[in-house]
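Here's the structure, in C-alpha cells; my notes come after.
Every number in this text was worked out from the coordinates using simple rules, so none of it is lab data. Small disclaimer: the values here were computed from a predicted structure and weren't measured. Because the Cβ atoms are built from the backbone with ideal geometry, glycine has one as well, and the counts that use them run over all protein chains shown.
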Amino acid sequence: MKIKVAEDTYLVGIGVSPGIAIGAVSLLDQRPLVDQSLIEAEEVEAELLRFQQAVERAREQLQKIKQTVSRQQHLREHLYILDTHLLILEDEMLVDGTEKAIRAQMNAEGALTQVLEQLRALFDNIDDEYLRERRSDVDAVGERLLRILTGVSERTIGNIGHKSLVVSHDLSPAETMQMDRSNVLGFITDKGGRTSHTAILARSLDIPAVVGLESVTSMVYDRLPVIIDGSNGVVILNPSEETFKEYLERKQSYEYLERDLECYRELSAFTTDQVHIALRANLEIASDVEQAKKHAAEGIGLYRTEFLYLGRSTPPDEEEQYQSYCEILRQANGEPVTIRTLDIGGDKFVPELNLADEANPAMGLRAIRFSLQEERLFKVQLRAILRASSSGKVRILFPMISGIAEIRACKKIISEIQSQLDQEGIAYDPDLAIGIMIETPSAVMIASLLAQEVDFFSIGTNDLIQYFLAVDRGNEHVAYLYDPLHPAILRALKETCDAANDAGIGICICGEMAGESLYTLVLVGLGLNELSMNPACIPRVKRVLRQISKEDGELLVDRLLSLSTSKEVSTAIEQEMRSRLPDIFAQPRI
Ligand code: PEP
Ligand code: MG
C-alpha cells in the first residue's frame with residue numbers, strides 16, 4: 001500500500017553537497033515485512049516446497065553474483081564472502097530448523113524468522129570475536145531468503161538500474177564509494193551530519209545530497225517525484241507543477257554559475273594585497289585527482305588513504321600503495337601531495353582490520369593510535385610513502401595527534417625505515433616534510449610545543465569541532481550544536497595559526513570549513529597560508545580570495561574575537577561579506 005504524500009511536502013535536513021536534483025525515488029533498504037502466521041496441516045507440504053524453492057533461488061542468485069565478481073579483478077578477493085553465504089545456505093540448523101518449524105504449522109517466513117532469532121542468540125554468546133562477527137553473514141543470508149519469500153527485491157546502491165534519487169536510512173562510506181554515478185542523481189538519508197564521511201564523499205562525487213532527515217524513508221515510495229536542494233538542505237516531496245518549474249530554473253542558474261566559475265581556472269590565488277594562498281585539493285580516492293586537475297588545485301593538501309583500505313578483505317600491500325601514491329604524484333605534476341597515514345575508526349570502519357568493538361569509537365583506538373599499535377601495518381604504509389617520495393614532492397601527515405609522544409614515536413619509526421631503505425639502496429626524499437593534523441583540543445593547547453617538532457600543521461576542523469564542542473559530527477540529533485563559528489572554535493583556530501606562524505612552519509586547514517567561501521576572509525585573516533578542500537569548491541573560494549585583502553581579514557578576525565556568541569559571529573561575517581561582495585553574497589543561495 002502506498003503512503004499518501006501531500007503535494008509540496010517540504011522537509012528540512014542538512015545540505016551536504018550543493019546543487020539541485022529533480023527525479024523519482026529509488027528506495028534502498030526496503031525491509032521485507034514478515035507476516036508470521038500459523039498454517040493448516042494440509043498446507044505444510046506446499047509451505048515446505050516454497051521454502052526449499054527459496055533456498056534454491058538464493059543459491060542461484062549467489063552463484064550469479066560469484067560469476068560477475070570473479071570477472072572483475074579488483075573484486076575477486078571478496079569471493080570468499082559469497083562462498084561463506086553458500087555454505088550457510090546448507091547449514092543444518094538453518095535449513096532443518098526452519099523445516100521443523102514449518103512442520104509445526106508455522107508459515108515459511110515465520111519459521112525462518114524464529115530460527116534466525118535463535119541463531120543470532122547463539123552467535124551473541126560466542127566468545128571468539130571472529131566467529132561472533134560471522135553473525136552478520138547469517139543475517140545477510142536470512143535477509144536474502146526473506147526477500148525471496150516475501151517478494152521484496154534486493155536493490156543496492158551499485159545496481160540501481162535507472163536514473164533516480166536514492167533514499168536510504170543511512171549509507172556507509174564504503175557504499176557511497178560503490179555508487180553508480182551515472183544513475184544516482186542525488187541522495188537523501190535519515191541519518192548523518194555535515195562532516196560525516198558519506199557527506200564528504202557525496203561532495204567529491206559532485207552529487208547533490210541532503211542528510212539527517214530522520215524519517216524520510218518512511219515517507220516515500222519508489223518512483224515518487226522529489227526535488228533535492230543540496231545547497232539549502234531542502235527536500236520537496238511530490239512537487240506541484242509550479243514548484244517543479246521554479247526549481248528547474250534554479251537548477252539551470254546553478255549550473256550556469258558553475259560554468260561561469262570555470263574562468264577562474266587559469267587565474268592565480270592571490271589576495272588584493274598580493275598574499276598567495278595555496279588552494280589545494282582533498283582526495284578520498286585516487287581517481288579524484290582528475291577533479292583536482294579540472295579545478296586547477298595547487299597539489300593535494302589531504303589524501304585520505306583510509307579509503308584504500310575500505311571494502312576489501314586484506315589491506316593493500318606496500319607495492320600497491322607505492323604504485324597508487326606514485327600515480328597521484330605523477331598527476332600532480334611537481335605540486336605537493338600530502339599523504340595522510342591511515343585514519344581509520346569513527347565512522348570509517350573497516351571490518352577486516354579487526355577494530356575492537358568500542359563503546360565510544362570516536363575517542364577510541366583510531367587513527368594514529370591504531371597505527372602505533374599495529375606497527376607492522378603502519379610500517380608497510382610508511383615504507384610505501386617514503387619510497388614514493390623519491391618521485392615527487394611528498395608531505396606526510398599524521399592524523400589525530402594528541403601529544404608530543406605520538407609524533408616522536410612516528411618520527412622514530414620513519415628514521416628506522418629510512419635506515420632500512422639506505423641499507424637496501426632504495427631512494428627516498430631525505431627532506432620529506434612531516435606534518436600533523438590539529439584536530440584534538442590537547443593539540444591546540446600545546447600547539448606551540450608541537451610546532452617545534454614538525455614542518456607543518458593541518459587543521460582538521462571536522463574533528464576539531466566535534467571534540468571541542470563534544471558534538472558527534474555524524475549525529476543528526478545534535479547537528480544544531482555543530483558550529484564552526486562557535487567562539488571557542490575561533491579561539492582554537494587563532495591559537496593554532498599563531499603558534500605555527502611564530503614557529504615559522506606551514507599552516508593549512510583541510511576540514512570542510514576550508515571550502516566554504518563565506519569563511520575565506522576569516523581564514524585568511526587568521527593567518528592560514530594553505531586551504532585544502534573538495535576540488536569543486538576551489539573556483540568559488542578563489543573568486544572570493546581575489547577580491548579580499550589579508551589586512552581586512554585580520555581586522556575582521558580581531559572584531560570576531562570580541563564577540564561572545566556564534567550567532568553574533570555569523571551575523572558579523574555575513575554582513576561583512578555581503579557589503580564587500582554583494583554580487584556573490586547578497587543573492588539567495590542557489
Ligand atoms: C578533519 O577532521 O577535519 C579532517 C579533515 O579529517 P577527516 O574528515 O578525514 O576526519
Ligand atoms: Mg579528522
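Work from the charge dipole of the chain (Cβ charges, +1 for Lys and Arg, -1 for Asp and Glu, about the Cα centre) and give the residue of GLY142, GLY504, LEU11 farthest towards its positive end.
GLY504
Would you work out the charge dipole size for segment 171-307 about its Cα centre, treating the Cβ of every Lys and Arg as +1 and the Cβ of every Asp and Glu as -1, and quote it to the nearest 20 debye?
Charge dipole, segment 171-307, about its Cα centre: 220 debye, nearest 20.
Report the calculated FRET efficiency for ARG223 and GLU60 (r = Cβ-Cβ distance, R0 = 35 Å), to the nearest 0.05.
E between ARG223 and GLU60, to the nearest 0.05, is 0.80.
Is segment 242-353 rounded, prolate or oblate when judged by the Cα gyration tensor, a ≥ b ≥ c being the square roots of its eigenvalues, rounded requiring a/c under 1.5 and prolate requiring a/b larger than b/c? Before the final figure, lay out the partial values.
Details: a/c = 2.62, a/b = 1.40, b/c = 1.87.
In terms of gyration-tensor shape, oblate.
Order by neighbour count: LEU165, LEU556, fewest other Cβ atoms within 10 Å first, most last.
LEU556, LEU165
Charges only on Cβ, +1 for Lys and Arg, -1 for Asp and Glu: so what's the dipole of segment 526-590 about the Cα centre, in debye to the nearest 20?
Roughly 340 debye, rounded to the nearest 20.
Scan the chain and hand back the longest stretch that contains none of the GluC sites (Glu not before Pro) lying in DSSP loops with at most 10 other Cβ atoms within 10 Å.
Maximal segment without exposed cleavage sites: 91-590.
Using the Cα centre of the chain as the reference point, and only Cβ charges (+1 on K/R, -1 on D/E), how large is the resulting charge dipole? Debye, rounded to the nearest 20.
Details: 62 positive and 92 negative charges, 283 e Å.
For the chain, the charge dipole is close to 1360 debye.
Which percent of Cα pairs goes in each bin when the distances of the chain are cut into 10 angstrom slices starting at zero?
Binned Cα distances yield the sequence 3, 15, 24, 25, 18, 10, 4, 1, 0.
Antiparallel as a % of all DSSP beta bridges within the chain, to the nearest 5? Before the final figure, lay out each step's value.
Values: 19 of 57 bridges.
Of those bridges, close to 35 percent are antiparallel.
To the nearest 10 degrees, how steeply does helix 404-424 sit against the main Cα axis of the chain, on a 0 to 90 scale?
Roughly 90 degrees between the two axes.
Between ASP502 and GLU90, take the C-beta separation as r, use R0 = 60 Å, and let me know the FRET efficiency to the nearest 0.05. Numbers along the way, then the final one.
On the way: r = 67 Å, r/R0 = 1.12.
Given R0 = 60 Å and the Cβ-Cβ separation, E is 0.35.
For the chain, with the dipole built from +1 on Lys and Arg beta-carbon atoms and -1 on Asp and Glu ones, taken about the Cα centre, which of SER458, VAL55, CYS537 lies farthest toward the positive end?
CYS537
Can you tell which of GLN67, ILE413, ALA281 lies farthest toward the positive end of the dipole of the chain, using +1 and -1 charges on the Cβ of basic and acidic side chains (Lys, Arg; Asp, Glu)?
ALA281
Can you sort ILE446, ILE401, ILE417 from fewest to most other Cβ atoms within 10 Å of each residue's own Cβ?
Values: ILE446 16, ILE401 27, ILE417 19.
With the sparsest Cβ surroundings first, the list reads ILE446, ILE417, ILE401.
Rounding to the nearest 10 and keeping the result within 0 to 90°, find how far the Cα-based axis of helix 241-261 lies from the longest principal axis of the chain.
Tilt of helix 241-261: around 40 degrees.
Relative to the longest principal axis of the C-alpha atoms of the chain, give the angle of the C-alpha long axis of helix 44-70, reported between 0 and 90° and rounded to the nearest 10°.
In the chain, helix 44-70 runs at an angle near 40 degrees to the longest axis.
Where does each of ILE188, ILE200 land when they are ranked from fewest to most other beta-carbon atoms within 10 angstrom?
Least crowded to most crowded, the residues run ILE200, ILE188.
Going through the cross-link list LYS4/LYS567; LYS251/LYS294; LYS4/LYS191; LYS64/LYS379, which pairs have a Cα-Cα distance over 32 Å in this structure?
Correct reply: LYS4/LYS567; LYS64/LYS379.
Longer than 23 Å from Cα to Cα, which of LYS348/LYS412; LYS293/LYS542; LYS163/LYS293 are they? Say none if no pair is.
LYS348/LYS412; LYS163/LYS293
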